[in-house]
Amino acid sequence: MIKIHITEETIKISGHANYANYGHDIVCSAVSSIVTTSINGILAFKETIIVEEEKESLLIKIKVHDKITDTLIKNMIDLLKEVERQYQKNVKIIEEGD
């Protein structure tokens, strides 16, 4: 299962969806595409985030909240929630601080 932990200042994505074999998993592909596009979009305008990649996870640290960063982060989270809604056995979003 892909787990996405969200706080006000961080988003951590870890795990594997296990929807299909590695390399053929449409759920992992969807999550990866959403996150990569969002990160690249933010970094194209500003350096308001730090991205740390590890073998099994990705951590996004929000350094500065501004309109562009917050809008693209919100859009990313909304898209990830849609994937979670469609693939509840494969994606879990945990929001802290609500």
Taking region 78-95 and keeping residues assigned to a helix (DSSP H, G or I) and of a type in the set (Asp, Glu) leaves ASP78, GLU82, GLU84
Scanning region 78-98 for residues that are more than 23 Å from ILE42 (Cα to Cα) and open to solvent by less than 50 Å² (accessible area, probe 1.4 Å) gives ASN90, VAL91
What about ASP78, is it closer than 21 Å to SER33 by Cβ and out of contact with any helix residue (DSSP H, G or I) (no Cβ under 7 Å at 6 or more places or on another chain)?
-> yes
When you go through ASN75, ASN40 one by one, which is the residue that is open to solvent by 70 Å² or more (accessible area, probe 1.4 Å), assigned to a helix (DSSP H, G or I) and touching a residue at least 24 places away in the same chain (Cβ under 8 Å)?
-> ASN75
Inter-residue pairs, beta-carbon under 9 Å, first at positive phi and in region 79-98, second open to solvent by 80 Å² or more (accessible area, probe 1.4 Å), 6+ apart = GLY97/GLU8
Residue within region 12-25 that is out of contact with any Ser or Thr (no Cβ under 9 Å at 6 or more places or on another chain), open to solvent by less than 60 Å² (accessible area, probe 1.4 Å), among the acidic types (Asp, Glu) and assigned to a helix (DSSP H, G or I) present = no
Return the residue satisfying two criteria in turn: it lies in region 43-66 and is among the charged types (D, E, K, R) and touching a Leu at 6+ places or on another chain (Cβ under 9 Å), and of such residues it is most open to solvent (accessible area, probe 1.4 Å).
-> GLU53
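The values are calculated or read from the model by the stated rules, or taken from the named source; none is laboratory data. Keep in mind the model is a prediction, meaning the values are calculated, not measured. Positions of Cβ are backbone-derived with ideal geometry, glycine not excepted, and every protein chain shown enters the neighbour counts. Heavy atoms of the whole protein, side chains included, go into the accessibility calculation; ligands, DNA and RNA do not. Shrake-Rupley method; radii C 1.70, N 1.55, O 1.52, S 1.80 Å.
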